[in-house]
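Okay, structure first, notes after.
The values are calculated or read from the model by the stated rules, or taken from the named source; none is laboratory data. If you're wondering where the values come from, they're calculated on a predicted model, not measured in any experiment. Cβ sites come from the backbone with ideal geometry, for glycine too, and all protein chains shown count toward neighbours. Accessible surface is based on the protein model in full, side chains and every heavy atom, while ligands, DNA and RNA are left aside. Shrake-Rupley method; radii C 1.70, N 1.55, O 1.52, S 1.80 Å.
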Amino acid sequence: MKALTARTHLPYDPLPAEVTREVKATVAAGEIVSLSFSLDTRPGCDKLELFPTALKSSAGANLHANMDLYVVHRWQQAGIGVFQSSPMSVSELLLKDDRVELRDRYVRRCGSFAHLHKSRTRYLPPDLRLTGPVRTSIESGSTKQFWISITVPNDAQAGHYEGSVVVRQKGRTVLELGVNVEVLGLHLAAPSQNTMLWYRGTINCHHPHHYVRPAVFEKQLEDIYDHGFRSISLWETDTRRLQRALDIAQSAGFCGDVVMDGFREALWSSVDFGRLRPVAYVSDELDGHGDRMAGHVASMKRAKACGIRTMASVLDWRTIEQKMGTDSRPDVVSVYAPANRIGLELPRSRRNGDGDLYYYWQAHMEKPLIHRLLAGLLYWKSGADGISPYCYQHLPGFPHSPFDDFDPWDSATHADPLGRKFKDHMATYPARRGVIHTVQWKGLADGLTDFRYLATLDSAIRDAEKSDDPAVREYAAKARSRLQSLAHRLQWTDIDILSETSATPYPGFGTAEILAIRESIVDELKSLADSPRVARL
């Protein structure tokens, strides 16, 4: 009897399935793809080491993809919704070694020699290994899930590539799992819609709650960009640090909006935004904290007088038409998705009037498939101009730990009007030298990739609709109809976003269903690429 058995385990499903010898993926150049598998054992396996091999074509050509491997850490959390609820066992953290204690603490120094004379309490994350092979142990009769993240280079050549995950114990190979990757001969489109993520980190050590060392700040912004976001929020309040943060963001690749709290003309005019477009966030959930319309209008007018775009969030999309006139309507209104599913199902012309409409939700919920749909297929269906999920990391205040879901969160917003206590807002978790990814973070990234596939398909259909060949135009019309039918499968009004116990967006809907939708999109793209020949048959 083998000591270890590999089983298929679709990335966002709770349980593994049948025994397997390989995992497969179909990807486009520039895509980050998530794969998963499980290992189970009867006698128990101690001190295992897992590492990936290179991906090669049958001709021996390297894919040069970055294939990283993690063990999925399962732990007790205070439910999986927005607020603290009954304890649940949740698969969440992606670690290199799940045997290491997640030991964090607070310190009185920021680490800068220039500030040795200054003392304030600052959070110090766990010092974990974030690269290299996975090391773990599996108890007798148990199963453990593992995660493969493959970043395909933009210049990858189409074709089939094979590699493996090697499992060793005491220097001896005990299992080898094949990895089969098909790289498609297409490049995904860059959508015109905005993908913005709220980011709370600051390089200002005098703001200890959200202080992030500059080197880690850089890694976090690179991580956010690499996973599909093109706009971000920044919170620096002085010229030198704001300029440095802007430079770091642009170096990471950001080229969209940079959203900042309020508007300070002296500060904003003293920095070079480069290719980033500044946006003033003039009010937060305007209709949820009493009558603040006068302050909202004043802040918006100050920004607009200087030619700065403005943004506000509301809890109810109807606030836009009922309370926002021409003098109070910002350039961007972001509505709370869980409370506005009816509005987001309506045709665009019936819900938002002039200006851009975004929507947001809490990215910390341990519900990867829901994040994937909200950032992907439902985003496409909504016709919204952008998304702005909250947030990358919003740590609890001193003396609490983000790794303790049962601690109080931010004391400034510790509960909602009904008295329910918020959970820690962690789409990812802090590490001393970088960031700890989570399953929900990968769900967000996969959703953004789904959206790019849809944008690519829409562009291909539009090109075919302009063809001089009537048969190609007819084929495009049928493809358009199939795309609309695809979107109709998923209804905004039916999705369960806020359940405290279920991570399933729709009854009976799991990873297999969303992978089938992705496969349909890929098949349409392949057919459209061949449509001139098909039309002549």
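Whenever a residue of segment 125-138 is without any contact (Cβ under 8 Å) to a residue 24 or more places away in the chain, it has no partner that is crowded, with 17+ Cβ neighbours inside 10 Å and part of a strand (DSSP E or B) lying with C-beta atoms less than 7 angstrom away and at least six residues away or across chains.
Show me the strands (runs of 3 or more DSSP E) found entirely inside segment 171-268 where at least 1 residues are among the hydroxyl-bearing types (Ser, Thr, Tyr) and under 30 Å from Lys56 (Cβ atoms).
Details: elements: 172-187, 194-197, 231-233, 257-261.
The strands (runs of 3 or more DSSP E) meeting that bar are 172-187.
Can you tell me which condition Ser467 does not meet? The list is (1) assigned to a loop (DSSP other than H, G, I, E, B); (2) of a type in the set (S, T, N, Q); (3) closer than 30 Å to Phe403 by Cβ, and all the others hold. Failing condition for Ser467: (3).
Please pick out the residue among Val72, Val33, Val90 that is buried (at least 17 other Cβ atoms within 10 Å of the Cβ), out of contact with any His (no Cβ under 8 Å at 6 or more places or on another chain), farther than 23 Å from His425 by Cα and of a type in the set (Val, Ile, Thr). Spell out the reasoning first.
Working: Val72 fails: farther than 23 Å from His425 by Cα; Val90 fails: farther than 23 Å from His425 by Cα.
Going through Val72, Val33, Val90 in turn, the sole match is Val33.
Where residues in segment 247-261 are in contact with a strand residue (DSSP E or B) (Cβ under 7 Å, 6 or more places away or on another chain), of a type in the set (A, V, I, L, M, F, W, C) and farther than 10 Å from Tyr225 by Cβ, which of them is surrounded by the most Cβ atoms within 10 Å (Cβ to Cβ)? Steps first, answer last, please.
Within segment 247-261, the first condition is being in contact with a strand residue (DSSP E or B) (Cβ under 7 Å, 6 or more places away or on another chain), and the residues that meet it are 249, 254, 256-261.
Restricting the remaining residues to those that are of a type in the set (A, V, I, L, M, F, W, C) gives 249, 254, 258-260.
Among the residues that remain, those that are also farther than 10 Å from Tyr225 by Cβ are: 258-260.
Details: Val258: 22, Val259: 25, Met260: 22.
Restricting to residues being in contact with a strand residue (DSSP E or B) (Cβ under 7 Å, 6 or more places away or on another chain), of a type in the set (A, V, I, L, M, F, W, C) and farther than 10 Å from Tyr225 by Cβ, the top hit is Val259.
Counting only residues that are of a type in the set (A, V, I, L, M, F, W, C), farther than 17 Å from Arg341 by Cβ and open to solvent by less than 80 Å² (accessible area, probe 1.4 Å), segment 298-324 holds 8 of them. When Tyr12 is tested against (1) buried (at least 21 other Cβ atoms within 10 Å of the Cβ); (2) among the hydroxyl-bearing types (Ser, Thr, Tyr); (3) within 23 Å of Arg135 (Cβ to Cβ), just one condition goes unmet, and that condition is (3). Return a yes/no flag: does segment 54-72 have any residue that is modelled with pLDDT under 95 and of a type in the set (Val, Ile, Thr). No: segment 54-72 contains no residue that is modelled with pLDDT under 95 and of a type in the set (Val, Ile, Thr).
Selection of segment 413-457 for residues being without any contact (Cβ under 8 Å) to a residue 12 or more places away in the chain and among the hydroxyl-bearing types (Ser, Thr, Tyr) yields only Thr413. Residues in segment 193-229 that are among the hydroxyl-bearing types (Ser, Thr, Tyr) and either open to solvent by less than 10 Å² (accessible area, probe 1.4 Å) or in contact with a Leu (Cβ under 9 Å, 6 or more places away or on another chain) (or both) were compared, and the one that is farthest from Asp458 (Cα to Cα) is Thr202. Considered as a group, the residues in segment 435-463 that are assigned to a helix (DSSP H, G or I), in contact with a helix residue (DSSP H, G or I) (Cβ under 7 Å, 6 or more places away or on another chain) and among the β-branched types (Val, Ile, Thr) include one that is farthest from Met196 (Cα to Cα), and that residue is Ile461. The listed residues are Asp450, Asp446, and the only one of them that is surrounded by 15 or more Cβ atoms within 10 Å (Cβ to Cβ) and in contact with a Ser or Thr (Cβ under 7 Å, 6 or more places away or on another chain) turns out to be Asp446. Entry remark, segment 36-58: residues being in contact with a Leu (Cβ under 9 Å, 6 or more places away or on another chain), open to solvent by less than 40 Å² (accessible area, probe 1.4 Å) and farther than 18 Å from Glu519 by Cα number 10 in total. Of all residues in segment 150-181, those satisfying the criterion of being under 24 Å from the mean Cα position of the chain (by Cα) and either free of Cβ contacts under 8 Å to residues at least 12 places away in the same chain or surrounded by fewer than 21 Cβ atoms within 10 Å (Cβ to Cβ) (or both) are Thr151, Pro153, Asn154, Asp155.
Considering only residues that are in contact (Cβ under 8 Å) with a residue 12 or more places away in the chain and among the small types (Gly, Ala, Ser), look in segment 59-69 and name the one that is surrounded by the fewest Cβ atoms within 10 Å (Cβ to Cβ). Restricting to residues being in contact (Cβ under 8 Å) with a residue 12 or more places away in the chain and among the small types (Gly, Ala, Ser), the top hit is Ala61.
Annotation note: Cβ proximity below 7 Å between a residue of segment 495-512 that is over 11 Å from Lys367 (Cβ atoms) and open to solvent by 40 Å² or more (accessible area, probe 1.4 Å) and a residue that is among the acidic types (Asp, Glu) and not in a loop (DSSP other than H, G, I, E, B) (sequence gap 6+ or interchain) occurs for no pair.
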